[in-house]
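Asker: Mind having a look at this structure? Questions to follow.
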Amino acid sequence: MSSSSARRHLASSPLFLLVLVAALVMTACGKDDTTSSSATPSSGASAQEFPVTIEHARGSTTIDSEPQRVVTIGWSDQDPVLALGVQPVGTTEWFNEQPGAIFPWARGAAGDAKPEIVSTAGAGGEINYEKVAAVQPDLILALYEDLDPSEYDLLSKIAPTVAHSPDYESFGAPWQDMTLTAGRALGREQQAKDLIKDVEVRFAKVRAEHPEWAEQTMLVMATVSDGSYQVFSPQDPKARFFADLGFETTPPWISGRVQDNLATVSAEEFRLLDVDRLAWTSDPDTLNQLRNDPVYNLLNVVRDGRVSYLDYTEPPFPGAAVTFNSVLSIPYALDLVVPELEKSTPK
């Protein structure tokens, strides 16, 4: 996932958008709210006090009271919100066009909720500011996102908006960080800490069962094009998933090569990819391309079957669960991916 600099303009004039958003906010404020709250009250003794101020990459945001109507602009932000017991009123669709942008691992937490799709992610995606304002949010989360200053300013005119962490590259914050930030914003910080601990215990159990993985290097592959190969940055959520399983995901050569979340390896350097394991969050077109790539098929890791192809286009969506790498998707991903890794153990 690269910067969103090429994204999101509903009209060519920023002034037009500003006027539009202002008008929508005024209209929304004048409506009777007949929609039930999207949040259930925090448990009494553990309820977090408000106001709370959160520092982020676009400044700081103060949230005066416990949010009831939450919009998630971040590409996977709906997952930590749902895990914390809040049903967002607006979500962002990343890929695969799931109803309400809710994948199988999140449907139990979502229940009957049918959030409005207010934004689309990826190259060419856009925020529909009109839809954002129409669902009358009192909090907007953009944690797994890279809002530019103008996007942040427009969203902040609708509701308090929390952008991505200032401590990591865009799209590079760990799932723990995003879960905890969502918990603080929603007044459920202790619940977020408990959820994080539960998932970390799951990871620790797998590592204990597979200590050999700590001695193996895993590269998470992105694309192949024009005779070169792209590897995801060690900060990418997919790489973090495998690192949490114990694998080494930072080979010495990758330092200094990462640009826009990817490190490029030319065909002449293809042996750099001949590590203990490779993983692809794949689709049929990519698989077909790899099958017909003579250079790729020279790799020992490929010839020995030490590659995991995790489809993200069809149920049960193992590649999508790894791609989200959220507090909700990780347990689901572990159930699907660990058996696959066990089958492809190096001989």
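Asker: Between 113, 133, 123, which is more than 20 Å from residue 59 (Cβ to Cβ), among the aliphatic types (A, V, I, L, M), at pLDDT below 95 and buried (at least 16 other Cβ atoms within 10 Å of the Cβ)?
Answerer: 113
Asker: Tally time: how many residues in segment 240-280 are over 11 Å from residue 299 (Cα atoms), without any contact (Cβ under 8 Å) to a residue 40 or more places away in the chain and among the acidic types (Asp, Glu)?
Answerer: 3
Asker: Here is a further query. Can you tell me how many residues within segment 72-100 are over 15 Å from the mean Cα position of the chain (by Cα) and under 18 Å from residue 192 (Cα atoms)?
Answerer: 5
Asker: For segment 256-314, please list each of the strands (runs of 3 or more DSSP E) lying entirely inside it that holds at least 2 residues being polar (S, T, N, Q).
Answerer: Result: 262-266, 277-282.
Asker: For segment 220-247, how many residues are under 19 Å from the mean Cα position of the chain (by Cα) and surrounded by 17 or more Cβ atoms within 10 Å (Cβ to Cβ)?
Answerer: 18
Asker: Among the listed residues 122, 100, 172, identify the single one that is part of a loop (DSSP other than H, G, I, E, B), at positive phi and not assigned by TED's automatic domain parsing to the domain that holds residue 240.
Answerer: 122
Asker: With the requirement that a residue be more than 12 Å from residue 56 (Cβ to Cβ) and part of a loop (DSSP other than H, G, I, E, B), what does segment 136-169 give you?
Answerer: Once the filter is applied, which keeps residues that are more than 12 Å from residue 56 (Cβ to Cβ) and part of a loop (DSSP other than H, G, I, E, B), segment 136-169 yields 136, 137, 138, 144, 148, 157, 158, 159, 169.
Asker: Specify which of the listed residues (291, 306, 257) is exposed (fewer than 12 other Cβ atoms within 10 Å of the Cβ) and more than 13 Å from residue 225 (Cα to Cα).
Answerer: From the options 291, 306, 257, the qualifying one is 291.
Asker: Could you tell me whether residue 322 is farther than 21 Å from residue 174 by Cβ and assigned by TED's automatic domain parsing to the domain that holds residue 272?
Answerer: no
Asker: All but one of (1) in contact with a Gly (Cβ under 8 Å, 6 or more places away or on another chain); (2) crowded, with 21+ Cβ neighbours inside 10 Å; (3) of a type outside the set (A, V, I, L, M, F, W, C) hold for residue 325; which doesn't?
Answerer: Result: residue 325 passes all but (1).
The values are calculated or read from the model by the stated rules, or taken from the named source; none is laboratory data. Keep in mind the model is a prediction, meaning the values are calculated, not measured. Cβ atoms come from the backbone with ideal geometry, glycine included; neighbour counts cover every protein chain shown.
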